Every structure is written in C-alpha cells, then in structure tokens.
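Written out below as structure tokens is the structure these notes cover.
The values are calculated or read from the model by the stated rules, or taken from the named source; none is laboratory data. All values derive from a computational prediction rather than experimental measurement. We place every Cβ from the backbone using ideal geometry, glycine too, and count neighbours over all the protein chains shown.
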There are 6 protein chains.
Amino acid sequence: MAEFNTGLPSVRLVQQWIKDKKEVDVKLITNDLLVGIILWQDPQCIYLSEVSGQSTLIWRDSLVYLKPKG
Amino acid sequence: MAEFNTGLPSVRLVQQWIKDKKEVDVKLITNDLLVGIILWQDPQCIYLSEVSGQSTLIWRDSLVYLKPKG
Amino acid sequence: MAEFNTGLPSVRLVQQWIKDKKEVDVKLITNDLLVGIILWQDPQCIYLSEVSGQSTLIWRDSLVYLKPKG
Amino acid sequence: MAEFNTGLPSVRLVQQWIKDKKEVDVKLITNDLLVGIILWQDPQCIYLSEVSGQSTLIWRDSLVYLKPKG
Amino acid sequence: MAEFNTGLPSVRLVQQWIKDKKEVDVKLITNDLLVGIILWQDPQCIYLSEVSGQSTLIWRDSLVYLKPKG
Amino acid sequence: MAEFNTGLPSVRLVQQWIKDKKEVDVKLITNDLLVGIILWQDPQCIYLSEVSGQSTLIWRDSLVYLKPKG
C-alpha cells in the first residue's frame, strides 16, 4: 500500500469532503456499500458516520471506491 | 499495509474500545460478521472474545470494518 | 504494491489516456465495471469522471484492469 | 503485511498453541475452514497437520482467523 | 509484493513469452480469464493484446496465473 | 508480503518437494485447485507442471495453500 502522504491529491480530496461534511458512498471489497460522512482519516482507516447514525471504523485496505453524493 | 503506529487515531480508538470492553461488530473479507469484545491488538492481529465465549485470533489484513454496538 | 514511479510505462500510458480524455473500462476486484474518463492519478487512487457524470475516487489496490474504448 | 516479529503477542499465542498441540479452526480467504494442529510457523506460512492426517502449507496472507478448540 | 527484479526466473519467463509473441491464458482474481499476447511488463502492470484485438492494462497484483498456449 | 528468504522453513519445504518431484494440490484465491509438480519457485511465482502436462506460472500472492499428495 502506498505510504500515507497527506500531500497526495486523493488524500487532500478526502480531506475536503471531511471539511465539507460531504455525504459519500463507500464501496468495500466485500461488496458492502455504506453511505455517510467521513469524520476523519488516517494511514490505516477512515472513520465514517453512517446515515443510520452508526459510526464505523473502515480499513483503508478494504476500500474500493468513494463516490460523493449530489 | 500501513506501519503499526500506536499514535494513529484508528489504533487509539480500538485501544479505547478495548479499555471500555466495548462490544463491536467485526466484518471480515470473507463476509463473516463476528461480534465480541476486543481483548488486545498488535501489528498482525486483533484478539476477540466472541459473545459465544469463543476466543478468535483475527488477522488485521482480513479486517473490513469495526462497528461499536449501542 | 510497487512504488509509484511516474517513469513506468504503465503510469505513462494512463497519463496519456488522461491527456487524450480517453474513455476507458475500469474493472475492479468486486467485479464492478465502471466506464469513464480518468481525470488524474496518484500513488493511492485514480479519479474517474464516469459517463453518468458521477466522479469516483478509486483505490489503486482495487484495480484489476483498464481497457481503452474504441 | 506487518514484519514477522516473534515478540508479537499474536505470534507468541500461535507458538503457545503449537507447543500445546492445540487443535484449531483455520479460516482462509477462500472461505475454506481447515481443522488441525499447527506444527510450525514462519514469516510466510503456517504448517498444519489436519485432523485427516494431511499436512498443509498455508500462506499467512490467506489467513482470516484462528479459533482454538474447546 | 516482491520487488520487481528483472533477473527473476518468473520475470525472464514472461519476457521470453513477450519476445516469442506467445499466446497465453491470463487468470485474474475476479475469475476473469483473458487470452492474448503480452506486449510488455513493468513493476505495476502487464499490457495484453487480446485475441479480440483489444489492448488491456492489467494490474500485476490482480494476476493469479499465466498459462502459455500449445 | 514477507521478504523471500530462502532459509525459511516454508521455502525449504517447497524446495524439498521440487527436488522430490512431489505431486501437490495448489489452492488459489480464486478457489481454483490445480494439481501438479512444482518445477521451480522464486520471490514472485511458482512454476507448476500440471498433471495435464500444462505448465502454469502462478503468482505467489494468489497462493492459499499447498497439500503434498500421498
């Protein structure tokens, strides 16, 4: 897995979505599709506040894609 | 896989759940969903005491997400 | 995962498709097949503008293959 | 994958099961569930003597979890 | 993933198939089976000219096996 | 993935099977089960001569387990 470099465009884009409290679709390698707002990210995980109110600690290695809503 | 850095927010969050004996849902890449209390974590694994009383050594690379209950 | 070296033929080929706004099929490990134009790439992700108009941040580790259209 | 550090709690726990000839369930990423006694472990594999008498060299990267029996 | 060392027997074997324009079966982690001639390889990908005439950039991490035809 | 260290018990065991021309079952992450004799191994692959006479270059990262026959 690439080293976690906060200067990367992809890391900055996620940081922007966090700042904007942007709702995103989160597709996982198990084919789960979660929906929510990303609270924070670190080299190992992203922390998602799901629309259901549930908080979920997601392993970065299991992420397939993120789709911002609207 | 990111180096295991105990200062990471995600590692600290799991450590907090361990301290609080928080019950969590553990989703694995095989689509298994285990439920229990995390006893400890290290760079390779987390050790889960399942609600069934069974102890399970789970490889970190197979973790998809953790959801704290309640 | 190989270090992200912008001199690699595969990285340069994707860069060429970005410059040419080439439409590509994107096959993911979940068997999803997305179609669109790659806006940019970095060591962790590629950013795809799907034909549906949706933008999607795709993790490089979940890429299986890219097929240029036409 | 984390460096193989024999001081890790998870490595020591497996070593204990080896010493005690503890029967374990071994869940793999293909959803296979093998049952047997671990003969030895190294940074790449674990070597399992299955209850059927078959010996099986299992890649560490394909391990999901180990459950000690009884 | 092992560092990409052009001296490896496996890398040299693929290079030989490239030189010989050998047709190969390419099995991917999504269970796709592609058939074609490998045009080139680099640390991240192999570039395949499929029998259908389609060119496909395949991520090395998604390769399961290659079978030379005939 | 662990560095390829020819001193590892698991690497030496495979080397022994190669020397003995031992027939093995090879389980892959796609759930394929190949059967044959391993001709050689390197840090990236193992090269298998299948019972069907077909030679197959298998990526080490896609190996789940090896079972020696008989």
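For this structure, a couple of remarks:
- Among the residues of the stretch B:55-67, just one is in contact with a Lys or Arg (Cβ under 6 Å, 6 or more places away or on another chain) and within 22 Å of D:ARG12 (Cα to Cα), namely B:THR56.
- Failed item, numbered, when E:ALA2 is tested on (1) at pLDDT 95 or above; (2) crowded, with 19+ Cβ neighbours inside 10 Å; (3) over 30 Å from C:GLU23 (Cβ atoms): (1)
- The listed residues are E:VAL26, E:VAL64, and the only one of them that is hydrophobic (A, V, I, L, M, F, W, C), in contact (Cβ under 8 Å) with a residue 24 or more places away in the chain, out of contact with any helix residue (DSSP H, G or I) (no Cβ under 7 Å at 6 or more places or on another chain) and more than 23 Å from C:GLY7 (Cα to Cα) turns out to be E:VAL26.
- The requirement of being exposed (fewer than 14 other Cβ atoms within 10 Å of the Cβ) and within 18 Å of C:ASP25 (Cβ to Cβ) is fulfilled somewhere in the stretch E:15-36, by at least one residue.
- Residues in the stretch B:41-57 that are over 17 Å from D:THR6 (Cα atoms), among the aliphatic types (A, V, I, L, M) and crowded, with 22+ Cβ neighbours inside 10 Å: B:LEU48 only.
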